[in-house]
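Undergrad: Just passing along the structure, written as C-alpha cells.
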Protein chains: 2
Amino acid sequence: MTDEQQENPRAGVSRRRLLGITGTGAAVGAATFAGGLGLGRATADDSVPQGGSRTYPFYGGHQSGVVTPAQDRLHFAAFDVTATTREDLITLLQAWTLAAAEMTQGRPAQADETSYDAPPADTGEADGLPASGLTLTFGFGPSLFRDAQGKDRFGIAARQPKELARLPHFPADKLDPSRSDGDLCVQACADDPQVAVHAIRNLSRIAFGSAEIRWAQLGFGRTSSTSTSQATPRNLFGFKDGTANLKAENAGDLDQHVWVARGDDPRAEWMTGGSYLVARRINMHLETWDRTSLREQEAIVGRDRPQGAPLSGGTEFTEPDFAAKGRGNEPLISATSHVQLAHPTRNGGAKMLRRGYNFTDGNDALGRLDAGLFFLAYVRRPSTQYIPMQNRLAQHDGMMEYLQHTGSALFAVPPGARAGGYVGEVLFT
Amino acid sequence: MTDEQQENPRAGVSRRRLLGITGTGAAVGAATFAGGLGLGRATADDSVPQGGSRTYPFYGGHQSGVVTPAQDRLHFAAFDVTATTREDLITLLQAWTLAAAEMTQGRPAQADETSYDAPPADTGEADGLPASGLTLTFGFGPSLFRDAQGKDRFGIAARQPKELARLPHFPADKLDPSRSDGDLCVQACADDPQVAVHAIRNLSRIAFGSAEIRWAQLGFGRTSSTSTSQATPRNLFGFKDGTANLKAENAGDLDQHVWVARGDDPRAEWMTGGSYLVARRINMHLETWDRTSLREQEAIVGRDRPQGAPLSGGTEFTEPDFAAKGRGNEPLISATSHVQLAHPTRNGGAKMLRRGYNFTDGNDALGRLDAGLFFLAYVRRPSTQYIPMQNRLAQHDGMMEYLQHTGSALFAVPPGARAGGYVGEVLFT
C-alpha cells in the first residue's frame, strides 16, 4: 500500500470498488477508470436514482445538443478568452474537447492521475450521477475573430463567417452588456441540473488562465421540443411554446434550415456541418401578463391556452388559417398575433430550430420574479432566418408589451469534432 | 354556445376534453374540474412525460415538506407582509392554504370560474405536468409578531415563541439584508423545478396587495437525504453531505429533535407539532476549494471523497472514531474537521433534520460561479440544536475558509392545517 492509502484507510477499498464497476453501461469504457485514485462517476451501489442513464456521443459530423431531443435543464455559459496566443486558444479547445467527451459519457472531466497531494482532477459533485443525457455544445462569438478595434486576435479573422456579426439593436432592446456577447460559449443540457452545472464548472476550471466566464444562465425547464417524440412544453405565460418547431426527425428541414452547407460562405467553409446559435435573454413581465384577460392572452399568442390550437380552429398541430374570419368579419387570428408574425409564411419561409429554456433568477427589488425565457435558436443563416423576423416581432408583436430583451449573443457553432481531434479544429487547420 | 365559445372555436372542445379526463390518478377529484373554462392540469394525452406523479397530502398533523423524502428541486421564497390588519393576514393564509391544497395534488392553484374576459385563475405553466411530489411548507418569521420598533403587528406578539428570535450574528457572517429574514416563508419542493416555480409564482400572485416576495432562492439539487430509501447526494465540494442526517423512518428521533412537543413553550402551545426552520445561504468558494489537495479536502471534511466514509475507516454509515490515531500518533479525524465539530457527541447530542439544496445564481464580476449550499434545517429548539453548533463551526471549522454565509433567516413552522382550516390557524384562535 502507498503512504496515501495508509493514512486514509478508505482509499484502497474505493479504488477497488470503482475499478470493478461497469458505470453507466456500454458507453463507459473500462480504460477510463484505470489509474489514479478512482474518483469515478456512477458506482453501481450508491448512485442517486434520478434516472437519466441516456448518453449522446460527443464526436461526430455535427455537434450534439443541436438536434438532440431537448433535455429538461440547461446551464449556459459565455466566456471571455484571456489567452493571447493562437496556441493557447487551441490548447484550451483541445482540453475542453477531451473533458467534454468524458463528461458526456458520464465520466469525470479528467482522468485522475494525481496523488492525494494534488487537487482532484474532477470536482466530484456529479460522482454517482448518471450521464443524464448531457450534451456540451461549443460556439465562437464574433469577438473571438476580431477585438473591438478590429484586430485579428488569433490569426482567424480572414475566416470569420459573414453571418457571424453582432446582432443589431432591435426595437425595445434593453440589453445588459454583462449578459451579452462573449468570445466562446458552452451550452450544457442535461436531464439533471447538477450534471449540467458540474460540466460548466469543470470546463470553467480547465479554462483557468485562458478564459473566464463572462455570463451564465441556468434554465429550469425546456420550452421547445426538438423531436416528434416530445410533447410541447409550456412557457411562463402558461402557453405551449414551439409547437411548429423544427424536429430532428425531418432531415430535409434540418439541411435546409439548420446546418451550414458547403458553399454557403466561401471564406468560412470550416462551418460546413455547423450552425449559428442565437441567444436572447427575454424577461417576461409575469405580473402584468397575469392580470390580462384570457381572451387578450390568447389573442396575443394566436393560439388557445388549454391545447395550443390556433384560434382558427383544429388541434395543436393544425396549420393556422390566417384568412379565417369570426364575428364582425374580424380575423380569428390577429395580424399582430405572435403566431402570425413568427409564421414561416410571413417570413419568407424561414424556420428555426428553437431550443430555449424557462428561467428565474430570484426577484427584483419590488418583489417581482426576475423570470422569463432564455431563447436559444439554431439557424443556418441568422441574416435571413432570425434578424428580419425579430425586427418584425419587436415592432408589431402584441406580446412585446410583456417582454424585455435583456441579453443577446450570436455564436458560430462549428461542426462536430472528430475522434482524436478537437472542437473547432477546422477553423485552425 | 356562449359568445366566448363562438369567438374561440377551441373553447368548447377543450372544456369537454378536460372535463372527461382522470388527471394524475386517484388523487385528482372530478369536482375540481367542474365549472369554469377547464384550464386543468395533467390532461391524459398531452402531459409532458417527466415522471413524478407522486403526491403528498397537504392537510395533516404536521406540514408536509419537513420529513417528506427530500425532493430534487427547490424554490424558496420569503415574503414581507404589506397587509396591516389581522383579518387581511388571516385571509391571505386561508387563500394560500386552499391554493396549496390544490397545487400539491397536481391541480391548478385556484378553480377557474372566470370568463374569458378575466385573467386565468392559474398561470398555466404547470398545465400538463404531474404533481411531481410537490410540497408547500409555510413558516412565520419573528418580524411577523413584532416590527422593528417592537410593535405588535397583528395581535399575536404575546404568543411569539421564545425560540423564534432573529439568529445571532455568527463569526464571519457577511449577510446581505436583501437575502435575509422575512415575515413569512414558503418552501416549495418538487421533483420538477417548473412545478416548484409555478407554485411560488401563484402563491405570490394570490398574495398581491397583502404580501410581496422579499427574497427567493432556487435550489437545483438536494444535498440531504431525509429517508433511508434515499442515497446520500453530493454538495458542490464534491463530497457526500448529510450522511448522518435524521431520517423520516426514525419516529423517535423526529419526536426528540424535530417536532415541537406540548409543554415546550407554554406561551406558544400552538407550535405543538410544528418545527423551526433555519435557512442559511452559504456561498462556497469553489475556485479556491478546487485548488486544494484531495488530502486537505478530506482532512477538512473528515470523510473520504469517494464513499463518504469517516477517515477512521469503515463505510459511509460507520460511526466516526475520533480517538483513532494514525501516523505520528495524530488523530485520523482532525479535531477541526467538519464531521467532528458537527457531530452530535460534540454538541450535547443535538441533531438536525437537514434539507438543503445546491444552488448557483450565475457568476460574479470576476467570472466565478455564485454558487453554494442553501442550508435548510428543521429543529425543535434552535437555541440548543443550531446556534451553539454554528458558533463552534464558525470559529473552528477548517471549512470556513471556503465558505461565506450571505443569507440568514429563522421561521416558526406551525403544525399542519386541518381540512377546512388554514395553515397557522392555531396561532389565531
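The values are calculated or read from the model by the stated rules, or taken from the named source; none is laboratory data. Keep in mind that what you see is a predicted model, and the values were worked out from it rather than measured. Every residue, glycine among them, receives a Cβ derived from its backbone with ideal geometry; neighbour counts consider all protein chains shown. We work out accessible area using only protein heavy atoms, side chains counted, and drop any ligands, DNA or RNA first. Shrake-Rupley method; radii C 1.70, N 1.55, O 1.52, S 1.80 Å.
Undergrad: Can you tell me, using C-alpha contacts under 8 Å and at least 6 residues apart, the relative contact order of region B:49-194 as a whole percent? Before the final figure, lay out the partial values.
TA: Working: 214 pairs, mean separation 59.5, N = 146.
With pairs under 8 Å counted, the relative contact order is 41 percent.
Undergrad: Give me the 1.4 Å probe accessible area per residue for region B:90-137, excluding ligands and nucleic acids, in Å². Could you put the intermediate results ahead of the total?
TA: On the way: 1160 Å² over 48 residues.
Accessible area per residue, region B:90-137: 24 Å².
Undergrad: Could you pull the copy-to-copy label distances for B:D117, with points set 7 Å along Cα to Cβ, in nm to one decimal and sorted shortest first?
TA: Taking the point 7 Å beyond Cα along Cα→Cβ, the inter-copy spacings are 8.1 nm.
Undergrad: With the contact rule set at Cα under 8 Å and sequence spacing of 6 or more, what percent relative contact order holds for region B:274-424?
TA: Numbers: 258 pairs, mean separation 56.5, N = 151.
In percent, rounded to a whole number, it is 37.
Undergrad: Expected output is a single nm value to one decimal: the length gained when fully extending between A:A165 and A:Q404, i.e. 0.36 nm times separation in residues minus the C-alpha distance. What is it?
TA: Details: separation 239, 0.36 × 239 = 86.04 nm, distance 2.20 nm.
Once the chain is fully extended between A:A165 and A:Q404, it gains 83.8 nm.
Undergrad: Oh, and also: Report, for A:T318, each distance to the same residue's label point in the other copies, shortest first and in nm; define the point 7 Å along Cα→Cβ.
TA: 6.8
Undergrad: In whole angstrom, note down how far apart the Cα centers of region A:301-354 and region A:386-416 are.
TA: Spelled out, the Cα-based centre of one part sits 19 Å from the other.
Undergrad: Amide H to amide H, which residues 5 or more places from A:G416 or on other chains are under 5 Å from it, using H placed in the peptide plane?
TA: A:H62, A:Q63
Undergrad: How big is region B:348-405 along each principal axis, measuring the range of its Cα positions in Å and listing the largest first?
TA: 42, 23, 13
Undergrad: Over the whole of B:206-215, what's the average partner chain Cβ count within 10 Å per residue? Rounded to a whole number, please. List each step's numbers first, then the result.
TA: Details: counts 0, 1, 4, 0, 0, 1, 4, 7, 2, 3.
Mean partner shielding for this stretch: 2.
Undergrad: For chain A, what relative contact order do you get, as a whole percent, if you take Cα pairs closer than 8 Å and at least 6 residues apart?
TA: Values: 963 pairs, mean separation 94.0, N = 429.
Once divided by the residue count of chain A, the mean separation gives 22 percent.
Undergrad: Could you work out what % of the accessible surface of region A:306-346 is carbon and sulfur, using a 1.4 angstrom probe and leaving DNA, RNA and ligands out of the count?
TA: Numbers: 1060 of 1940 Å².
It is 55 percent, rounded to a whole number.
Undergrad: Another question about this same structure. Between B:T318 and B:K151, what is the label-point separation in nm under the 7 Å Cα-to-beta-carbon projection?
TA: Distance between the two pseudo-spin positions: 6.1 nm.
Undergrad: On the full set of protein chains, 1.4 Å probe, figure out the accessible area of A:L93 and give it in Å² to the nearest 10.
TA: It works out to around 0 Å².
Undergrad: Right, something else. Pop out the ³J(HN,Hα) list for region B:406-418 in order, Karplus 6.51 cos²θ - 1.76 cosθ + 1.60 with θ = phi - 60°, rounded to Hz; leave Gly and Pro as x.
TA: 10, x, 7, 7, 10, 10, 8, 9, x, x, x, 7, 7
Undergrad: Another question about this same structure. Keeping every protein chain in place, order A:R381, A:R354, A:R418 by accessible area at 1.4 Å, biggest value first, i.e. largest first. Walk me through the numbers before you get to the answer.
TA: Numbers: A:R381 85, A:R354 40, A:R418 135 Å².
Putting A:R381, A:R354, A:R418 in descending order of accessible area: A:R418, A:R381, A:R354.
Undergrad: May I ask for the angle, rounded to the nearest 10°, between helix A:387-396 and the longest principal axis of chain A, with both axes built from Cα atoms and the value confined to 0 to 90°?
TA: Its long axis makes an angle of about 50 degrees.
Undergrad: Could I ask something else about it? Before we go on, tell me the buried accessible area for the B/A pair, both chains summed, 1.4 Å probe, in Å² to the nearest 100. List each step's numbers first, then the result.
TA: Details: alone 18550 and 18540 Å², together 30090 Å².
When B and A are taken together, about 7000 Å² of accessible area is lost.
Undergrad: Let me ask something else about it. Just checking the output field for A:232-240: average partner chain Cβ neighbours within 10 Å of each residue's Cβ?
TA: Values: counts 3, 6, 10, 2, 7, 3, 9, 3, 5.
Other-chain Cβ atoms within 10 Å of each residue's Cβ, averaged: 5.
Undergrad: Also, I was wondering about something else. Before rounding to the nearest 500, sum -39500 (n - 2.57) across all DSSP H runs of length at least 4 in chain B and divide by the residue total; then give [θ] at 222 nm in deg cm²/dmol. Write down the numbers at each step before the final one.
TA: Numbers: 12 runs with 92 residues, N = 429.
Computed mean residue ellipticity for chain B: -5500 deg cm²/dmol.
Undergrad: Then there is this: Give a residue-ordered list of calculated ³J(HN,Hα) values for region B:241-256 (Karplus: 6.51 cos²θ - 1.76 cosθ + 1.60, θ = phi - 60°; whole Hz; x for Gly, Pro).
TA: Computed from phi, the couplings for region B:241-256 are 10, x, 3, 8, 4, 4, 10, 4, 6, 9, 4, x, 4, 5, 5, 7 Hz.
Undergrad: Now, a different point. Give the lysines whose C-alpha is closer than 22 Å to that of B:K247, dropping any in the same chain fewer than 8 places away, or say none.
TA: Within the straight-line limit of under 22 Å, B:K247 reaches these lysines: B:K351.
Undergrad: From the mean inverse distance of alpha carbon pairs (Kirkwood) and the Cα radius of gyration, derive Rg over Rh for region A:276-422. Display every interim value, and only then the final one.
TA: Working: Rg = 17.6 Å, Rh = 17.1 Å.
Expressed as Rg/Rh, it is 1.03.
Undergrad: Using only the heavy atoms of the protein chains and a 1.4 Å probe, how would A:R281, A:R392 rank by accessible area, largest first?
TA: Per-residue accessible area, sorted high to low, gives A:R392, A:R281.
Undergrad: Moving on to the next point. How far, in nm to one decimal, is B:P388 from itself in the other copies if the label point is set 7 angstrom along Cα toward Cβ? Shortest first, please.
TA: Nearest first, the other copies' label points are 7.5 nm away.
Undergrad: Would you list, by chain and number, the aspartates and glutamates whose Cα falls below 18 Å from the Cα of B:K151, excluding same-chain residues fewer than 8 positions away?
TA: Within the straight-line limit of under 18 Å, B:K151 reaches these aspartates and glutamates: B:D80, B:E87, B:D88, B:D181, B:D183.
Undergrad: Work out from phi, with θ = phi - 60° and the Karplus expression 6.51 cos²θ - 1.76 cosθ + 1.60, the ³J(HN,Hα) of each residue of region B:144-156, listed in order in whole Hz, and give x for Gly and Pro.
TA: Result, ordered by residue: 6, 8, 9, 7, 4, 8, x, 6, 6, 6, 10, x, 10 Hz.
Undergrad: Report the dimensions of the protein assembly as shown along its three principal axes from the alpha-carbon atoms, largest first, rounded to Å.
TA: Here the Cα extents, ordered largest to smallest, are 79, 68, 47 Å.
Undergrad: Classify region A:209-273 as rounded, prolate or oblate, taking a ≥ b ≥ c as the square roots of the eigenvalues of its Cα gyration tensor: rounded when a/c is under 1.5, otherwise prolate if a/b is larger than b/c and oblate if not. Mind dumping the intermediate values first?
TA: On the way: a/c = 3.16, a/b = 1.20, b/c = 2.63.
Oblate.
Undergrad: On a 0 to 90° scale, report how tilted helix B:86-103 is relative to the longest principal axis of chain B, with both axes built from alpha carbons and the result rounded to the nearest 10.
TA: 90 degrees
Undergrad: Please calculate the 1.4 Å probe accessible area of B:D181, with all protein chains present, and give it to the nearest 10 Å².
TA: In the full protein context, B:D181 sits at about 40 Å².
Undergrad: A further question on this structure: When the Debye formula is applied to the Cα atoms of region B:374-429, each taken as the same point scatterer, what base-10 log of I(q)/I(0) results at q = 0.18, 0.23, 0.27, 0.29 Å⁻¹?
TA: With one equal scatterer per Cα and no solvent, log10 I(q)/I(0) is -0.76, -1.00, -1.19, -1.25.
Undergrad: Using a 7 Å offset from the Cα along the Cα-to-Cβ direction at both A:R295 and A:A172, what is the distance between the two label points in nm, to one decimal?
TA: Calculated label separation equals 2.2 nm.
Undergrad: Taking amide H positions as placed 1.01 Å from N in the peptide plane, with prolines and chain starts having none, which residues 5 or more places from A:R214, or on another chain, fall under 5 Å of its amide H?
TA: Hits under the 5 Å cutoff: A:A78, A:F79, A:D80.
Undergrad: Out of residues 5 or more away from B:D370 or on other chains, whose amide H comes under 5 Å of its own, with H placed 1.01 Å from N in the peptide plane?
TA: For B:D370, whose amide H was placed from the backbone, the distant partners under 5 Å are B:D361, B:G362, B:N363, B:D364.
Undergrad: When Lys and Arg each count +1 and Asp and Glu each count -1, what net charge do the other residues less than 11 Å away from A:A196, Cβ to Cβ, add up to?
TA: Numbers: positive: A:R73, A:R201; negative: A:D72, A:D191, A:D192.
With Lys, Arg at +1 and Asp, Glu at -1, the net is -1.
Undergrad: Separate question: To the nearest 10 square angstrom, how much accessible area does A:I206 have with a 1.4 angstrom probe?
TA: 40 Å²
Undergrad: Can you pull out the GluC sites (Glu not before Pro) in region A:202-279 whose DSSP state is coil and whose Cβ has at most 13 other Cβ atoms within 10 Å?
TA: Taking region A:202-279 and a limit of 13 other Cβ atoms within 10 Å, the loop GluC sites (Glu not before Pro) found are A:E249.
Undergrad: What do you get for the angle between helix B:193-206 and the principal long axis of chain B? Use alpha-carbon atoms, 0 to 90 degrees, nearest ten.
TA: 60 degrees
Undergrad: For a Förster distance of 41 Å, can you work out the FRET efficiency between the beta-carbons of B:K325 and B:S227, rounded to the nearest 0.05? Present the calculation step by step, with values, prior to reporting the outcome.
TA: Values: r = 35 Å, r/R0 = 0.87.
Given R0 = 41 Å and the Cβ-Cβ separation, E is 0.70.
Undergrad: In addition: Apply the Debye scattering formula to chain A, with a single equal point scatterer on each alpha-carbon and no solvent, then give log10 I(q)/I(0) at q = 0.08, 0.14 Å⁻¹.
TA: -0.48, -1.28
Undergrad: Here is a further query. Bin all alpha-carbon pair distances of region A:76-165 at 5 Å intervals from 0 and give each bin's fraction as a whole percent.
TA: The distribution over region A:76-165 is 2, 11, 17, 19, 16, 12, 10, 8, 4, 1, given as percents.
Undergrad: Sticking with this one: I need the fraction of alpha carbon pairs in region A:270-338 separated by more than 16 Å, rounded to a whole percent.
TA: On the way: 1422 of 2346 pairs.
When every Cα pair of region A:270-338 is considered, 61 percent fall beyond 16 Å.
Undergrad: Okay, next question. What is the calculated FRET efficiency for B:R418 to A:E287, with r their C-beta to C-beta distance and R₀ = 35 Å, to the nearest 0.05? Display every interim value, and only then the final one.
TA: Values: r = 32 Å, r/R0 = 0.93.
In this case the efficiency is close to 0.60.
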